[in-house]
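Asker: The following block contains the structure, expressed as C-alpha cells.
Bear in mind these aren't lab numbers, they're just calculated from the coordinates by the rules spelled out. If you're wondering where the values come from, they're calculated on a predicted model, not measured in any experiment. For neighbour counting, all protein chains shown are included, and Cβ atoms are generated from backbone atoms with ideal geometry for every residue, glycine included.
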C-alpha cells in the first residue's frame, strides 16, 4: 500500500512540475509574442526586469493570470508597449502648434512652433495663440489657394483652435490676418 501511495505522490509531483513548466512556457511565449509584436524593435536588454519577473511569477503560479494580464494592459495603455495592428484605429492623440508672440511682424522670426508638425492620422492638432494680436488658422492647398477643410475664427491671446486629421497627406495653413505666416501639418 505504501508503494502505491508513494507512486501516486510521485506521479502527482511530476504532473504539478509539468503544469508549472507549461505555465512558464505559456507566460514566456505570451510575453515574447507581445514584445515582438511591438512597433519598436526591442532586445532583451531593453525589457524591464519587472516585465520579466511578472512572466516568471505567472509561470510559477505566484501571481494570477488576471494580475499578469493587467501588467500587460498597463504597458499597452501607457504606450510602453505599442502593438502594430493595421486593422485597429490608432490611439487618439493631441498635438499642439504655438503661434508665438511676434508672429504678426513681417520681418520677425515668430514662426509657428513647430513650423512643420508631423503626426499620425486620427490626431487632433490644437493651435494656441500666444501672440498679443489676433490670428486665424486657414487651410490652403499646395498652391496657396484657400480651401474649406478648416478655418478658425480670429483667436485672441490664449485662445485655441482644434482640427482632427483623419487622412494622410501634407496640409498647408496660414493666418488670413497675416498671410506671410504659413505652416504645414504632415500626416503619416
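Asker: Kindly put 107, 152, 176 in sequence by how many other C-beta atoms sit within 10 Å of each C-beta, fewest to most.
Answerer: Values: 107 6, 152 20, 176 16.
Ordered from fewest to most neighbouring Cβ atoms within 10 Å, 107, 152, 176 come out as 107, 176, 152.
Asker: Rounded to the nearest 0.05, what FRET efficiency do residue 184 and residue 132 have when you use their Cβ-Cβ distance and R0 = 41 Å? Don't skip to the end; give the middle numbers.
Answerer: Working: r = 24 Å, r/R0 = 0.60.
So the FRET efficiency works out to roughly 0.95.
Asker: Then there is this: Once label points are set 7 Å from the Cα along Cα→Cβ at both residue 64 and residue 170, what is their separation, rounded to one decimal in nm?
Answerer: Here the answer is 5.5 nm between the modelled labels.
Asker: Rank the residues 74, 111 as a footprinting-exposure proxy: fewest other Cβ atoms within 10 Å of their Cβ go first.
Answerer: Numbers: 74 11, 111 15.
Final ranking by Cβ density, sparse to dense: 74, 111.
Asker: Between residue 124 and residue 141, what is the label-to-label distance in nm when each label sits 7 Å out along the Cα-to-Cβ direction?
Answerer: 3.0
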